[in-house]
Amino acid sequence: MRRPRFAISSVVWLTLGAAYFVIPLAATLLFSLQSGKNYSYNLSAYGQVIHDEEFWKTLRLSVVLSLETILISLVLLVPTAYWVHLKLPRVRPYIEFLTILPFVVPPIILVVGLLKFYNGTVHAPLWFLESPYAFLGSAYVVLAFPYVYRSLDAGFRAIDIHTLTEASQSLGAPWRTTLARVIIPNIRAAALAGAFLTLAIVMGEFTIASLALFTTFPTYINLVNSQQVYEAAALSLISFGITWAAMIGLLAFGGGPGRRRAAAGAAD
Amino acid sequence: MGSEGPRRLGHLVTAVSAEVERPGPNGSGRRRPSLAWLGVVPFFAYATAFLLLPSAVVLIGAFQDAEGGFTTKNVSEVIHTPQYRHAFQTSIEISLVTAVVGGLFGLLMAYAAVRAGTPRIFRHGLTTFSGVAANFAGVPLAFAFIATLGTLGIVTKFLDNHFGINIYQHGFSLFTFTGVSIVYLYFQIPLMILVIAPALDGLRTEWREASANLGGSSFQYWRHVGIPVLLPSILGAAILLFGNSFAAYATAYALTGGAVNLVPLIIGQNIGGDVLSNPHLSEALAFGMIVVIGVSMVLYALLHRRASRWMR
Amino acid sequence: MPDDWANYVEIKSTFKKKYGLELADEDPQASSGAEVQAIISLKGQSRAPDVVDVGPGFAVGPANDGLYAKYFNTNFKTVPRAMKDGRGFWTGDYTGVIAFGANLSVANRVPTSWADVLSSDFNAKIALNDDPRKANAAFSGVFSAALANGGSLNDITPGIDYFARLAKAGKFQPINVTPQTVASGQTPVTIDWDYNQLGYRKTYTNFKWAVTIPKTGAYAGYYCQAINATAPHPWAARLWEEFLFSDQGQLLWLKGFTHPARFDDLLKRNVVPKALLDALPPASLYAGAKVASLGQISRAKAIVAAQWGPKVLGA
């Protein structure tokens, strides 16, 4: 069979798309370089950002928060998706409803509800309310539900879970081993896809963090934007670059044949 | 192909179990269902604690008055005040426009990157970029567009200097409904790409070949095979885009400071702003948002069933 | 309390050097309403604010609700009566007057009056620094325009009408103003408190930034220091207030281009360095500045909330 060619229409659309997405970034870049006298070019804005210790502090916080969110979501949703596929198909509609709900209840409402409930209705312990890893992390896991569950769901659908489980069991393996040694390696790619989206969400989430009065990387970016000129533009690009690099890293870490297998079966 | 591994194992196991009585270790035939329930309890508990209860608190608050008694005054105030009605109207319009336009362009770009002839690097590049761009919002995005399409933006100046067309003199402004929509597409299109790419993977090349072999044109392939298969996913994605746009807060504020009347902006003003007002009013507004998005979800569920019916 | 607002950066660092206590700012950009909200939402947490700097509209109400602690700092007596709470719940800290600022690489000059903005040979568009229904400084800008156009402290509608005229002439930009939008030329001319505009000369280093106070319609506003009744560090909070109202603190505020609350007292005792006085705009421009009472402010706010959208934004 003749190898399919790179279609002209593909080139057109990808180029148009690239133009729309790259030009605003280029405009920001040009602006960030103009901090010299009379708008002459230099890199001082970038230097300022790198030397700001708040930059590193909030970046570290947001990265750790992302990893925490990924971990908790996977721990909650991998077994859930597994049991739904294996044993409890009747529970599926409820789970799907709950994982769609974060779209119906937008972040701005979720934060109002969380604050009202845990501050007012239930007097949650102070360590929970004060810590970004506790309060904010819990909210972020909820935001990640739809993406992580969808990926895992597609991943589980792509493998024949009943057969794998039975095979493993008939070979004498207990549940824990089945889960760890047979199931998880097969959905690794789907889990990584979910993790990838969660990382981007947490690194970009502003509404909840700012209304709940926490200082994260996105709120730091917002602050710099209101106080400084060229550093703000430099910071936007740096943050875009960091998140993109992290995604590429995750992709490289998890990529390969596994990815194609999960993706191939992931028809909605 | 990737799925052969488990399938071969499956054949082996089926052959084995045909000869051997299925063992029931620990009488698990009876205990398995209860074990399975335990597996999903953590999720339900978490969802209840951090999603259902907080949402319920807001919904109940929408119907409370200052003393805590039941009232529909807040909701009726939302419905009857022109400013709020107008905000809902504008929010819905922007969400529809960006869902449709974003969905269309997202689909075209995703297909261009995913289809057979395109080098894989475009797909990886596009997916990772979309992951970041879908969450690039707020002040950085707003300024990126001000620097591009603002009164002194590079594209504005380019068009003026090289083609003599001053878009602002022709009535365009970045700080209107149109401008905000253009900016919103920056995260709507990537979201579409992320959501529709896996579904596009499901379009087997064999189908395309089969259609060609039977003498069908490209148009016929799409009309009779491609689009029908994709329709449930496209509809689902469009609803997602609608909800995403409806809920967007930081970008609209950063761009217009409140000049374009949108519901999340009003809620934001009431929560942390200088407007000392009835907090239950913001909850009533939130209730309105939930109703709008909820209705769109129900519509999606209905359309999804219809669209997937032929596949059963 | 942003670093670039009224020289807070130097005030905070001097306080730290003198007493070894660091003032942590959770959200420097918080509006007055958000500051009060923080006291309520973060109650009992160690993250709760110890002190707030809020507009008078947010001083009286919360004081009556018991959110603030009573404290008479040592220099309380020399703060003008109109700027303090007799019960000791809040003390006015500094005043400022609404001023224009212009990026001269885009605008051909900085407007000298409200009428000048409308004049045909003024080429640039003007912006308030936020939505007047939401932010105190922007609201005060509308009041200033009202005073210059036949209005009074009891009648803000001429101000709203003025902005409606500006919008119709295509000279008003109701968009969110940030330092980048000023530097990039998108919002070359802005309306804000004089101490902010003057302070921005330090931020806008690579183009010429000019500031004037409008010839007519000078409108003054003040901010108030209050201590959180449930402050996590109540004694540090009181020490901070002592510092702010001491001569040293007040002069640092003067360095930030504000007129500190005890300005007249400082002048009388001849403790103000000439250099600081010279750095301020001419006193004549401040002479007729009017300050609105709390009743006038709340009435005007209601009018703005009702009319701004329909008249100016067309919504």
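Binning every alpha carbon pair distance of chain A at 10 Å from zero, what are the percents per bin?
Histogramming chain A at 10 Å steps yields 6, 22, 28, 24, 15, 5, 1, 0 percent.
Given points 7 Å out from each Cα along the Cα-Cβ axis, report the A:VAL12 to B:GLU209 separation in nanometres with one decimal.
It works out to 2.7 nm between the two label points.
At a Förster radius of 22 Å, what calculated FRET efficiency corresponds to the Cβ-Cβ distance of B:LYS73 and C:ASN64, to the nearest 0.05?
Numbers: r = 25 Å, r/R0 = 1.13.
Approximately 0.30, to the nearest 0.05.
Net charge within 14 Å of C:ASN123 by Cβ-Cβ distance, Lys/Arg positive one each and Asp/Glu negative one each, not counting C:ASN123 itself? List each step's numbers first, then the result.
On the way: positive: C:ARG109, C:LYS125, C:LYS171; negative: C:ASP116, C:ASP121.
Net of charged neighbours comes to +1.
Give me the dipole magnitude in Debye, nearest 20, for region C:96-244 about the Cα centre, with unit charges on the beta carbon: positive for Lys and Arg, negative for Asp and Glu. Before the final figure, lay out the partial values.
Values: 12 positive and 10 negative charges, 78 e Å.
The calculated dipole for region C:96-244 is roughly 380 debye.
Rank these for me by crowding, A:PHE21, B:PHE172, going from fewest to most other beta carbons within 10 Å. Working shown, then result.
On the way: A:PHE21 20, B:PHE172 15.
By the 10 Å Cβ count, ascending: B:PHE172, A:PHE21.
Rounded to the nearest 5, what is the percent of antiparallel bridges among the DSSP beta bridges in chain C? Could the numbers behind the result be given before it?
Values: 26 of 32 bridges.
DSSP beta bridges in chain C are roughly 80 percent antiparallel.
Please give every one of the lysines within straight-line cross-link reach of C:LYS171, meaning a C-alpha to C-alpha distance under 16 Å, and leave out same-chain neighbours fewer than 8 residues apart.
Cα-Cα hits under 16 Å: C:LYS125, C:LYS311.
Pick out, from A:MET247, A:PHE117, A:TYR94, the residue whose Cα sits farthest towards the positive end of the charge dipole of region A:47-264, with +1 on the Cβ of Lys and Arg and -1 on the Cβ of Asp and Glu.
A:TYR94
Quick one: among A:LEU235, A:LEU30, A:LEU199, which has the greatest mean-square fluctuation in a GNM of chain A with alpha-carbon springs under 10 angstrom?
Checking each option, the largest mean-square fluctuation is seen for A:LEU30.
Using all alpha carbons of chain C, what is the percent of pairwise distances in each 20 Å bin, ordered from the shortest bin to the longest?
33, 58, 9
Less than 15 Å apart at the alpha-carbon level, and either on another chain or at least 8 residues along: which aspartates and glutamates does that give for C:LYS202?
A:GLU231, C:ASP3, C:ASP4, C:GLU10, C:ASP194
Just checking the output field for A:80-89: average partner chain Cβ neighbours within 10 Å of each residue's Cβ?
Mean number of neighbouring Cβ atoms from other chains: 4.
Starting from the amide H of C:THR95, placed 1.01 Å from N in the peptide plane, find each other amide H under 5 Å away whose residue is 5 or more places distant or on another chain.
Those qualifying (amide H under 5 Å, at least 5 residues apart or on another chain) are C:HIS259, C:ALA261.
For region C:190-228 and region C:4-65, compute the distance between their C-alpha centroids and round to whole Å.
Region C:190-228 and region C:4-65 have Cα centres separated by 20 Å.
Would you mind ranking A:TYR39, C:TYR68 by Cβ crowding within 10 Å, fewest neighbours first?
Working: A:TYR39 15, C:TYR68 28.
Fewest-to-most ranking of A:TYR39, C:TYR68: A:TYR39, C:TYR68.
Rg and Dmax in Å for region B:82-309, alpha carbons only: what are they?
20.4, 69
When a footprinting reagent is the concern and you count Cβ atoms within 10 Å, what order do A:THR216, C:THR187 take, fewest first? Don't jump to the answer; show the numbers that get you there.
Details: A:THR216 24, C:THR187 27.
Ascending Cβ contact count within 10 Å gives the list A:THR216, C:THR187.
When each pair of different Cα atoms in the protein assembly as shown is counted once in the 1/r mean, what is the Kirkwood radius in angstroms, to one decimal? Walk me through the numbers before you get to the answer.
Numbers: mean 1/r = 0.0336 Å⁻¹.
Hydrodynamic radius (Kirkwood, Cα pairs) of the protein assembly as shown is 29.7 Å.
With r defined as the distance between the Cβ atoms of C:LEU277 and C:GLU10 and R0 fixed at 22 Å, what FRET efficiency is calculated, to the nearest 0.05? Mind dumping the intermediate values first?
Values: r = 18 Å, r/R0 = 0.80.
It comes out at approximately 0.80.
For a quick check: with amide H placed at 1.01 Å from N, whose amide H comes under 5 Å from C:TRP90's, ignoring anything fewer than 5 positions away on the same chain?
Residues meeting the criterion, in which the H sits 1.01 Å from N, are C:ASP85.
With springs only between Cα atoms under 10 Å apart, run a GNM on chain C and tell me which of C:ASP65, C:ASP50, C:ASP265 wobbles the most.
The residue with the greatest mean-square fluctuation here is C:ASP65.
Rounded to whole Hz and in sequence order, give me ³J(HN,Hα) for region C:39-48 from the Karplus expression 6.51 cos²θ - 1.76 cosθ + 1.60, θ = phi - 60°, writing x for Gly and Pro.
Calculated HN-Hα couplings, in order: 4, 6, 5, 9, 3, x, 8, 6, 7, 5 Hz.
Mind checking which of A:THR28, A:THR15, A:THR219 has the largest fluctuation in a GNM of chain A, springs on alpha carbons under 10 Å?
Result: A:THR15 has the largest fluctuation of those listed.
Tell me the label-point distance for the pair B:ILE165, B:ALA56, using the 7 Å Cα-to-Cβ offset, in nm and rounded to one decimal.
5.6 nm
Pull up the cross-link candidates among the lysines for C:LYS43, meaning alpha carbon to alpha carbon under 27 Å and not fewer than 8 places away within one chain.
Hits, sequence-local ones excluded: A:LYS57, A:LYS116, C:LYS12, C:LYS16, C:LYS70, C:LYS84, C:LYS134.
Simple spin-label model, 7 Å along Cα-to-Cβ: A:GLU53 to A:SER131 in nm?
In this crude spin-label approximation the distance works out to 2.4 nm.
Quick check for me: using +1 on Lys/Arg Cβ and -1 on Asp/Glu Cβ, what's the dipole size of the protein assembly as shown about its Cα centre, in debye to the nearest 20?
Working: 69 positive and 52 negative charges, 440 e Å.
My answer is approximately 2120 debye.
Taken together, the values in this text are just the output of simple stated rules run on the coordinates, not laboratory data. What you are looking at is a predicted structure, and each value in this text was computed from that prediction instead of being measured. As a convention, Cβ positions derive from the backbone with ideal geometry for all residues, glycine included, and neighbour counts pool all protein chains shown.
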